[in-house]
Amino acid sequence: MKLYDYYRSTASYRVRIALNIKNISYEKIPVHLVKEGGEQHRPEYLKLNPQGLVPTLDENGHILTQSLAIIEYLDEINPTPALLPTNPFARAQIRSMALTVACDMHPLNNLRVLNRLKDQFKANDEEVMDWYHHWLKLGFDSLEAKLQSLPHKNQVCYGTEVSLADICLIPQVYNAQRFGFSMNNYPIINQINEYCLSLSAFKDAVPLE
């Protein structure tokens, strides 16, 4: 199994966590999103992933893209430990939190959007950072409120075991901290982040140069 990834990519970070949780060995193939205009734009990579994004999973020539699709695939072929519970309502709750990050927060703040703000709209660094922090605040505010509404507040997003929601949340917190966003108003998220980063599956997936 091969994973084409960029170490700072939030989406790639998610998949690395899932692979670690599942204890799946894999070959990591770096795709630098900045070097030489972005290696993701090279023709040989676009043959694998026409979107020119990371991550891409290659399992014996079978190609998968999109981090959540990859993670659910890994969960289905390696069902233990489960990343989604069997209860339909619990599954929906976890997916709801995961999608808040993956659909409402991350896409607005990824590298190609930030570059577009600079290149097309001539936004300066301060304006780009204001944009970045705006969407982080909206997303984290809603997630913290969601977590507060749950009947049991544990060390993970839902239930007693790490799930797809935690896999999406922790990389987003990493990026927020990297870009100087204050997490002081999110005690439950901070508690979950601290706990998850104490687990080897999460700790070993942290971006390293």
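What the table below lists for this structure:
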quantity	calculated
At R0 = 35 Å, FRET efficiency that the Cβ-Cβ distance of ALA123 and GLN148 yields, to 0.05	0.55
Amide H within-cut-off set for ALA123, under 5 Å, with H built and near neighbours excluded	LYS118
Karplus-derived HN-Hα couplings along segment 6-23 (A = 6.51, B = -1.76, C = 1.60, θ = phi - 60°), whole Hz, x at Gly and Pro	10, 4, 9, 5, 4, 5, 5, 4, 4, 5, 4, 4, 4, 4, 5, 4, 7, 6
Theoretical gain in end-to-end length, MET1 to GLN51 [0.36 nm per residue, Cα-Cα removed]	15.9 nm
Solution diffusion estimate, µm²/s, Stokes-Einstein, segment 88-203, Kirkwood Rh from C-alpha pairs, 25 °C, viscosity 0.890 mPa s	165
Percent of Cα pairs exceeding the 14 Å cut-off, where the set is segment 1-80	58
Under 12 Å, Cβ to Cβ, from VAL156 - net charge with Lys/Arg +1 and Asp/Glu -1	-2
Under 27 Å, Cα to Cα: Lys pairs in the chain, sequence gap 8 or more or different chains	20
Coil-residue chymotrypsin sites (Phe, Trp or Tyr not before Pro) of segment 54-150, DSSP, other Cβ within 10 Å capped at 15	PHE121
Trypsin sites (Lys or Arg not before Pro) within segment 116-192: DSSP coil, no more than 14 neighbouring Cβ in 10 Å	LYS122, LYS153
Label assignment, Cα Rg over 2.2 N^0.38 Å derived from the structure, set [x] 1.42; [y] 1.01; [z] 1.29	[y]
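Every number here is computed from the coordinates shown, using simple stated rules; none is lab data. Because the structure is predicted, anything quoted here is derived from the model rather than measured. Don't worry about glycine lacking a Cβ; one is built from the backbone with ideal geometry, like all the others, and counts go over all protein chains shown.
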